[in-house]
Structures are given as C-alpha cells and as structure tokens.
Amino acid sequence: MIYLDNASTTPLDPDVLDAMTVYLKEEFGNPSSQHSAGRKTAVALLDARDKIAALAGCSSDEIYFTSGGTEAGNWALKGACLARRGQGKHLVVSAIEHPALIESAKDMIKFGWEVSFVMPDKDGVIRPEDIKKAMRNDTVFCAVMHANNETGVIQPVEEIGGICRENSVFYYCDCVQTAGVLPFPANCCNAAGISSHKFYGPNGFGALYLKKGSPILRLISGGKQERGLRGGTSNVASAVGCAVALENAVKNREKNNAKIAEIRDAFVGRVLSEIDGTHLNGGSYRLPANANISFDGCTGENLALLLDMKGVAVSTGSACSAGAVTASHVLSAMGFEEDRVRSAVRFTFGKYNTAEEADTAVGLLKSAVAQIRSVRA
Ligand code: PLP
C-alpha cells in the first residue's frame, strides 16, 4: 500500500514502540500507587512530561495529558468558558476548526452562549482583521488552529494571539497538525492541543498545554491525576511513547520537512500538469505534507475508493457522519462551488514516503480519474 494519509494518522516509530513496551510489559505499576512499582512509573511519567514541556518551550506544570486532540479542544473550549462564566457569553471560533472545536462551540450554544464563526478567505486563511471585527465586549474565548487539517494552510496565529491578548480573550490554538512540524506557538496562546498519533506516536494520547494563570475548569472529575484537573489512571506507556515521538519529530524537523515538501511538490506539479481539470485548494503557505486537490468530473469518495482498490490510501475532505457523506465544511467555508468541494481529495505525505511511491501514485491517480470520467461521460 502507498500510504498518503499521514494527516489522518501515522505509523508508530520503532523506537517509540520499544520505549512503550517496557511500560506495557515489565513496568506496569500505577503511578498513583505508593509501592516501588508505582514509584518507578511515576518517575517515567514525570520524565515524559518534562521532555514534552522542554520540546514545547514551556514548563512541565503547563502540560496536562489527555486522550488526544479532541479531548484537548473540548476541554479548552468548555473549561475556559465555564471558568469565565459571568464575564461574558460570547465565543469567536474559526469556521475551519476541527469538529472537536466546532461541535464543542455548538454544545455551548445549547447552553445559551453565542458563537461567531469566522470565515476564511479563498486561500483558506483566517484573517486577523476578521477576528478583531468579531470580538465583542462579552467575548471570553477564541479558537483558531495553527494549521488546517484538510488544506494544510498555516494560520497567522501570532497576530491572532495579540488580538486576543488585547481583548483579554482566552486563545486556544489547535496544534494537532503542526506539533513536530512547526515551532510550538506557546507564547501566543493560553492553551494548545497536540495528539501523539500525528507524529508517529501512539493513538489515543495527547496533551493540553495550558499557560500558567489561564482560567480553566476540569471536564473529567476523578482522582488527583494531572494536578487534580483530569482524573483517570495515567497512561504511562503512551506518555513515554509520545515524548520519544515528539523528540524524534523535533530533532529531525528540518530534514523531514524538506524531504516531504520535495516529494509533495513533485507530486502536485505532475498532477496539475498531467491531469486536466485539477485544482489545488488552499494558498501557498501550507504545511509541507499537504495537497488538497479537486478533480473535475469526479467525486472525492469515488476517487478515494478506486485509489484504495489500486493500493493508494488517501482521504476526502468529506466526513461520514451517521452513514451520510457531508461536504467539507472547510472547503465550503473557503467559498468553493459544491462540485469543487465534493471532488476534493486530500493527499498527505509522511517521512516514510518515497519519491518513487509518489510517482507510482500519480500513474494510478491518472488511470483512476480517467476511469471515473469515462463512466460519467
Ligand atoms: N484537531 C485537528 C486539527 C485534527 O486534525 C485532529 C485529528 O485529525 C484532531 C483535532 C483530533 O485529534 P485526535 O484524533 O487526537 O482526537
């Protein structure tokens, strides 16, 4: 299989698996336990937190472990709004956020809060001036992601952070797609989420960075884990794996980004020049891995299915919810016609992809597009 869906998830690095195996097999004590088995894993948990904090450029007590990016986003949005209840009831959320944020914002609407969803421009960029315009006296929370998961478009988070600071608004920056790829923007936000399976770590694990002094209530009540803000027995093996994976990603960032961008750029160049009726979605300031391309006369679902049968894994911008395919909210918000939205496919490259794989994928893509178009003609 040629795997071109690295924004969806990535395989585990071999050294991550080795590091985790120790804590799954030999050192399995509960880090909250008093005995020596527990004390050993408590130290491992502490080390993992220290390592992740150092890589993120923050202090260890600003890192809270979670089950991933969805929980981090839910917690930041709901926890910050509830902590600031009485000070305002308005949220500013970009219209291209991951459902973790969009759906959390919709949950708050059910409880009487108001949300302004800010649209991107046609390149997929959320403009700082639009965030500024959306701010009200009663705004308490803002979410604009570091880079979008469908288009890869990188957002002006420094400027948006500045606007939030000026307005005393809690700023959450979803860094799920950028951790290990871009420098972590700890300085410009109150909180940020990362997810370890996006950088060759284990699935179902991530972290919330929460700047000291930022108001938040807990969502998961229970034991005293995560300094009393997130109950539940700690996932030591995944914390250890996440730290090793992030360390690998940061250490090899320049090298991997350059290699991935080169493969991606050659792929995009060939697709756009060799297949008629193709359109690249998203401006040029994108993550090195992403290429979101629409194909006239195809649907993204059919193309992804046919590519899968030919041995290439990609994803569409569309989400499948309750058995129904819904068009990408991101491409729709960018103002594209329905045909362009529905014919989009996301190709995301990773460090294990090769130039040969990308070339083979172009050939298979050409034949898949031709097949679909011939049926529809
Ligand atoms: N935020 C973004 C931008 C994502 O791309 C994803 C996952 O694709 C998430 C949040 C959710 O992360 P997780 O899979 O860890 O729940």
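Size of the chain along its principal axes in angstrom, Cα-based, largest extent first?
Its Cα atoms span 68, 54, 38 Å along the three principal axes.
Ratio of the stretch 6-152's C-alpha Rg to 2.2 N^0.38 Å, to two decimals?
That ratio works out to 1.34.
Roll a 1.4 angstrom probe over the protein heavy atoms and tell me the percent of accessible area of the chain that is carbon or sulfur.
Heavy-atom surface of the chain belonging to carbon and sulfur, 1.4 Å probe: 54 percent.
How long is the stretch 253-363 along each principal axis, judged by its Cα atoms, biggest number first, in Å?
Largest to smallest, the principal-axis extents are 39, 31, 30 Å.
Enter the accessible area of residue 136 (Å², nearest 10), with the probe set to 1.4 Å and all protein chains included.
Accessible area of residue 136: about 90 Å².
In the stretch 5-49, how does Rg compare with the Kirkwood Rh, expressed as the Rg/Rh ratio over alpha carbon atoms?
Answer for the stretch 5-49: 1.13.
Got a sec? What order do 199, 111 fall in by accessible area at 1.4 Å, biggest, i.e. largest, first?
Heavy-atom accessible area, descending, gives 111, 199.
Can you give the angle from 0 to 90° between the axis of helix 99-110 and the longest principal axis of the chain, with both taken from C-alpha atoms, to the nearest 10?
70 degrees
Taking only the alpha-carbon positions of the stretch 1-87 and ignoring solvent, what does the Debye formula give for the base-10 log of I(q)/I(0) at q = 0.12, 0.16 Å⁻¹?
Taken in order of the listed q values, log10 I(q)/I(0) reads -0.59, -0.93.
Quick one: work out the % antiparallel among DSSP beta bridges in the chain, nearest 5.
On the way: 24 of 44 bridges.
Percentage antiparallel, nearest 5: 55.
Based on the alpha carbons, how large is the Rg to Rh ratio for the stretch 163-293 when Rh follows Kirkwood?
The Rg/Rh ratio comes out at 1.07.
Please give the residues of the stretch 216-259, grouped as numeric ranges, whose backbone N is less than 14 Å from a label point set 7 Å along the Cα-to-Cβ vector of residue 28.
236-237
How long is the stretch 130-232 along each principal axis, judged by its Cα atoms, biggest number first, in Å?
40, 30, 20
What is the sum of charges around residue 74, taking Lys and Arg as +1, Asp and Glu as -1, for the other residues whose C-beta is under 10 Å from the C-beta of residue 74?
Net charge around residue 74: -2.
Is it possible to state the helix-based mean residue ellipticity at 222 nm for the chain, with each DSSP H run of 4+ residues giving -39500 (n - 2.57), the sum divided by total residues, to the nearest 500 deg cm²/dmol? What is it? Provide the component values of the computation, followed by the final result.
Values: 12 runs with 157 residues, N = 377.
Value at 222 nm, helices only, nearest 500: -13000 deg cm²/dmol.
Hey, could you get me the Stokes-Einstein D for the stretch 153-203, Kirkwood radius over alpha-carbon pairs, 20 °C and 1.002 mPa s, rounded to whole µm² s⁻¹?
184 µm²/s
Give me the net charge for the shell around residue 336: Cβ to Cβ below 10 angstrom, other residues only, Lys and Arg +1, Asp and Glu -1.
Net of charged neighbours comes to 0.
Aspartates and glutamates within cross-link reach of residue 122: Cα-Cα under 12 Å, excluding same-chain residues under 8 positions apart?
The qualifying aspartates and glutamates are 337.
The values are calculated or read from the model by the stated rules, or taken from the named source; none is laboratory data. Since we're looking at a predicted model, the values are computed, not measured. Note that we place each Cβ from the backbone using ideal geometry, even for glycine, and neighbour counts take in every protein chain shown. With ligands, DNA and RNA removed, areas are computed over all heavy atoms of the protein, side chains included. Shrake-Rupley method; radii C 1.70, N 1.55, O 1.52, S 1.80 Å.
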